[in-house]
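Asks: If you scroll down you'll find the structure; I have some questions about it.
Each value in this text was obtained by applying a stated rule to the coordinates, not by laboratory testing. Keep in mind the model is a prediction, meaning the values are calculated, not measured. Please note: Cβ atoms are built from the backbone with ideal geometry, for glycine as well, and neighbour counts cover all protein chains shown.
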Amino acid sequence: MAFIIKPLVTEKMTKITDKRPNRYGFIVKPEANKLEIKSEVESLYNVTVVDVNTMRYAGKRSSRYTKAGLVRGQKAAFKKAIVTLKEGDQIDFYSNI
């Protein structure tokens with residue numbers, strides 16, 4: 001299992017959550033599908049998931065000049081999932097800090 005990598009806590013996601021209080025974002029593994037994401041969120045947070053929207057992001061190539069010369073690399077590809085919960089359910093990411 002373990003398709004969820006981490007919850008998305010950014011300014012953009014916070015604005016979406018403020019506008020629609022039952023939507024939350026997660027970074028998930030690229031091979032995860034919507035049904036797997038739904039079942040994992042429901043089991044981890046004890047909520048009812050109504051809808052899952054996903055977005056795929058390709059890995060970007062990057063290079064920089066250093067003392068050792070040109071260093072090239074690639075950032076990892078990932079998938080973002082926006083989960084809509086049933087009205088009244090909510091997730092508190094900061095409860096165990």
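Asks: Place +1 on the Cβ of every Lys and Arg and -1 on the Cβ of every Asp and Glu in the chain, take the dipole about the Cα centre, and give the residue among 47, 76, 22 whose Cα lies farthest towards its positive end.
Replies: 76
Asks: Rounded to the nearest 20 debye, what is the charge dipole size of the chain about its Cα centre when +1 sits on each Lys and Arg Cβ and -1 on each Asp and Glu Cβ?
Replies: Charge dipole, the chain, about its Cα centre: 920 debye, nearest 20.
Asks: Note the angle between two axes, namely the Cα long axis of helix 34-45 and the longest principal axis of the Cα atoms of the chain, as a number of degrees from 0 to 90, rounded to the nearest 10.
Replies: Helix 34-45 sits at roughly 70 degrees to that axis.
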